[in-house]
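Heads up: the structure comes next, in structure tokens.
The values are calculated or read from the model by the stated rules, or taken from the named source; none is laboratory data. Just so it is clear, the structure is predicted and the values come from calculations on it, not from any experiment. In this analysis, Cβ positions are derived from the backbone assuming ideal geometry, glycine residues included, and neighbour counts consider all displayed protein chains.
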Amino acid sequence: MKASTKIFIAATSCVALVGSLSSCTLSSNSGSSGNKTLTVWTYYSDTGQKNALSERDAVFEKDNPGWKVNQVQVPFDQMDQKLLAAAQTGNGPDVIANNVVVDFPSLVGAGVLKDISGEWNGYADKGLFPDSSVWRSNGKVYNVMSYTNLLGLYGNMDILAQYGITTMPTTMDDMEAALAKVQAGGKYQGLAEAGAPQVEGAWLFMPWLLSAGVNYCSLSSHADRVTATYRRIAAWAKNGYIPQAAATWDQATAWQKFMAGDYAFGLNGNWNLRDAKTNATFTVTTAQFPTNGGPSVVFPGGEGLGIFAKSKNAEMAWKYLQTQWLSKDAQVRNFQTSGSVPFRSDATSDATLAQDAAALPFLKATTNVAAWPHNPKTADMQISIGKAVSATISGQQTGEEAAQSAMAGVAAAQKAGGGGCE
């Protein structure tokens with residue numbers, strides 16, 4: 001999930017595991033010209049995010065003579081593997097941007113991340129960040145998030161206007177009524193959303209449950225609500241409001257489908273705001289994720305920022321985190337280039353964001369986000385939800401069957417992770 005965006009590293013020539021990593025130079029203290037090198041591992045694939053970092057890296061190098069920043073782009077699905085290997089060899093990055101909502105327990109447990117409690121507690125601006133942006137284990141800080149990625153609703157107003165729909169749906173019932181009108185018209189498709197049997201499918205489905213007062217830790221306690229929500233999605237798929245093909249779509253594919261101009265709605269993230277403004281051939285409007293009996297609630301995605309436990313440049317790495325990600329200027333610029341929503345309160349209130357109508361629903365969403373479960377098997381819990389969503393959309397399972405498989409899968413993953421959740 002972009003819900004995360006995704007991170008990991010490896011020099012192009014270093015693609016093997018622990019054995020060959022020992023012979024690869026992924027991080028070094030000095031460059032060929034005598035400069036000291038600060039190595040940063042991310043899995044960013046978004047051009048806006050990469051450009052924003054490059055621009056700020058140039059300023060960082062100017063402000064810190066003798067230092068060069070080495071940005072290493074690691075394939076998302078390799079990041080954790082390489083970080084765990086680096087922890088064993090001691091040959092890794094200085095700065096890490098990791099998929100915190102999934103890999104935090106394993107990276108902390110393996111000694112990948114440095115305890116930055118001292119740095120964070122001494123950070124003058126820490127009071128500008130919500131507690132949900134600070135990731136702790138046993139009271140110690142290991143990751144901090146500077147921005148978040150949130151889900152919302154995108155609307156093709158050119159299509160909706162043809163059916164007299166002038167305002168965006170705010171509830172699941174409103175959404176269903178609008179989808180029914182579009183479907184009855186026979187000219188356009190209804191909803192483009194990710195329904196892949198993995199984390200992304202779960203991320204797009206869970207806000208429906210969160211609004212109903214259900215989270216990963218309380219599924220079995222609210223089996224009726226879980227079943228009703230899966231049943232609703234099954235009905236949408238059966239009625240053609242969601243195409244069966246969406247059962248395999250990830251977020252990128254779902255966004256491409258929406259941007260093609262044939263879909264009335266798209267459920268997706270704030271990181272697509274710039275693409276919508278720049279490349280859409282139709283009028284796009286945004287709204288918060290529709291509700292399902294309660295307030296609009298979403299999970300916060302994004303990267304956790306940390307320092308490699310065995311970095312020899314920890315002091316400079318912390319300085320880098322402050323200037324490149326945690327500062328107000330960095331967060332505003334990151335929003336401008338990639339659409340990522342800042343966590344800093346003075347950044348979210350900046351005029352650049354406050355005057356951006358398309359961004360406002362995502363900014364509002366930051367005030368009501370859900371807490372991720374505290375369990376090493378959180379990823380497996382999400383995958384269980386995603387598989388059930390995919391099976392529902394494809395028609396392989398009824399809403400009742402999907403709900404039962406989702407609840408059983410989450411319970412099994414929670415137990416495998418030690419039983420903890422809250």
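Of all residues being hydroxyl-bearing (Ser, Thr, Tyr) and surrounded by fewer than 16 Cβ atoms within 10 Å (Cβ to Cβ) in region 337-374, which is nearest to Ala413 (Cα to Cα)? Just the residue, please.
Filtering first and then ranking leaves Thr367.
Out of (1) surrounded by fewer than 24 Cβ atoms within 10 Å (Cβ to Cβ); (2) of a type outside the set (Asp, Glu); (3) touching a residue at least 40 places away in the same chain (Cβ under 8 Å), the odd one out for Ala264 is which?
(1)
Would you mention how many residues in region 272-298 are modelled with pLDDT of 95 or more, over 15 Å from Phe362 (Cα atoms) and hydroxyl-bearing (Ser, Thr, Tyr)?
2
Which condition from (1) touching an Asp or Glu at 6+ places or on another chain (Cβ under 8 Å); (2) at pLDDT below 95 is the one that Ile242 breaks?
It fails just one condition, (2).
Are there any pairs with C-beta distances below 8 angstrom linking a residue in region 185-209 that is under 16 Å from Pro169 (Cβ atoms) to a residue that is of a type in the set (Ser, Thr, Tyr) and buried (at least 24 other Cβ atoms within 10 Å of the Cβ), with the two at least 6 apart or on different chains, and if so which?
These pairs meet every condition: Trp208/Thr229.
Which of the numbered conditions does Ser132 fail, given that it passes all the others? Conditions: (1) at pLDDT below 95; (2) in the same structural domain as Lys277 (by TED's automatic domain parsing).
Going through the list (1) at pLDDT below 95; (2) in the same structural domain as Lys277 (by TED's automatic domain parsing), Ser132 breaks only (2).
Give Leu219, Leu204 a once-over and let me know the one that is among the aliphatic types (A, V, I, L, M) and closer than 22 Å to Ala359 by Cβ.
Matching residue, one of Leu219, Leu204: Leu204.
Kindly indicate which of Thr286, Thr278 is more than 12 Å from Pro207 (Cα to Cα), crowded, with 18+ Cβ neighbours inside 10 Å and either touching a Gly at 6+ places or on another chain (Cβ under 6 Å) or β-branched (Val, Ile, Thr) (or both).
Thr286 is the lone residue from the list that is more than 12 Å from Pro207 (Cα to Cα), crowded, with 18+ Cβ neighbours inside 10 Å and either touching a Gly at 6+ places or on another chain (Cβ under 6 Å) or β-branched (Val, Ile, Thr) (or both).
Being over 25 Å from Gly155 (Cα atoms) and of a type in the set (D, E, K, R) is the filter here; which residues of region 334-376 pass it?
Selection gives Arg344, Asp346, Asp350.
Taking helices (runs of 4 or more DSSP H) that do not extend beyond region 114-218, which have at least 3 residues that are surrounded by 22 or more Cβ atoms within 10 Å (Cβ to Cβ) and in contact with a Ser or Thr (Cβ under 7 Å, 6 or more places away or on another chain)?
Per the criteria, 199-211.
Does Gly66 satisfy the criteria of being at pLDDT below 90, surrounded by fewer than 19 Cβ atoms within 10 Å (Cβ to Cβ), over 18 Å from Tyr147 (Cβ atoms) and not polar (S, T, N, Q)?
No; evaluated as a whole, the condition is false for this residue.
So which of Gly213, Gly266, Gly306 is in the same structural domain as Leu107 (by TED's automatic domain parsing) and modelled with pLDDT of 95 or more?
Residue meeting the stated conditions: Gly306.
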